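This report refers to the structure that appears directly beneath it.
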Amino acid sequence: GTGEIPGVIYEEITYEGFAYGGVGFIVEVTTDNKTRSVAEVRAVFTKVNGNLATAGALAFTFHRAGQFLIAAEKATEDKLMDVVLDAGAEDIKTHGDHFEVLCPIGSYDSVSDALAKAGIEPDQSEIAYIPVTTIPVKDADTAKKVLTLIEQLEAIDDVKTVFSNAEIDDSVAAAE
């Protein structure tokens, strides 16, 4: 089947919320019943002492951009720069074992095509909400709660993606 059920209309909705330590979340949902979806998302936030926020409450703390994650063994930073900067990428960040390429939404397809022509396959690529500033999570208890919230939100059938501005150090995440 094509997934086309007569009379069913799917909507894409974005919910925003706050949780432990002021960490912000943006939750993208694709649903045929927005009343059910908002109730499920709100229930998860409430269960972990978080709050579903009004639309736009977190929009200024994130910006929308194309994001490509590429393993460091797939390309050198210089080669990656040569390939993606001419295609419209804004930034390349090195994160030890991988690179993060960011581009405006309008350049997403051209950057994707440039990577494909160069034979560099991203491990992940999407139009993402990138945090403008992050909230450092310094203790293992809060890190565990934030990660549990993400897992519970992702377990909702209608949830497509969960973005957060939490910055959890690997040593803190491992301590949970």
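When the Gaussian network model of the chain links Cα atoms closer than 10 Å, the mean-square fluctuations of Gly17, Gly66, Gly119 top out at Gly119. In the context of the full set of protein chains, the chain has a per residue accessible area of 56 Å² (1.4 Å probe).
Per-atom-type breakdown for region 30-158 gives carbon and sulfur 49% of the accessible area (1.4 Å probe, protein chains only). log10 I(q)/I(0), Debye, Cα-only region 39-116, no solvent, q = 0.21, 0.22, 0.27 Å⁻¹? Taken in order of the listed q values, log10 I(q)/I(0) reads -0.84, -0.89, -1.22.
Got the relative contact order for the chain handy, in percent, Cα pairs under 8 Å and 6 or more residues apart? In percent, rounded to a whole number, it is 27. For the options Gly22, Gly96, Gly50, a Gaussian network treatment of the chain with springs between C-alpha atoms closer than 10 Å singles out Gly96 as fluctuating the most. Estimated from helical segments only, the mean residue ellipticity of the chain at 222 nm is -9000 deg cm²/dmol, where each DSSP H run of four or more residues counts as -39500 (n - 2.57). I want to verify a result. In a Gaussian network model of the chain, Cα cutoff 10 Å, which of these has the top mean-square fluctuation: Leu58, Leu115, Leu102? In this elastic network of the chain, the residue with the biggest mean-square fluctuation among Leu58, Leu115, Leu102 is Leu115. Here Lys145 is the anchor, and the lysines within straight C-alpha reach of less than 17 Å, apart from those fewer than 8 places off in the same chain, are Lys47. Straight-line cross-link partners of Lys74 among the lysines, defined as a Cα under 18 Å from its Cα and at least 8 positions apart when in the same chain: Lys93, Lys117.
Largest first, the extents of the alpha carbon coordinates of the chain on the three principal axes equal 49, 47, 29 Å. Counting only protein heavy atoms and using a 1.4 Å probe, the accessible area of Lys145 comes to about 80 Å².
For the chain, there are no membrane-span-like helices by this rule, meaning no whole DSSP H stretch whose C-alpha atoms cover at least 27 Å of axis and whose Kyte-Doolittle mean is 1.6 or above; this says nothing about an actual membrane.
The values are calculated or read from the model by the stated rules, or taken from the named source; none is laboratory data. Everything numeric in this text was worked out from a predicted model, so none of it was measured. The protein model used for the area step is the full one, side chains on, heavy atoms only, and it has no ligands, DNA or RNA in it. Shrake-Rupley method; radii C 1.70, N 1.55, O 1.52, S 1.80 Å.
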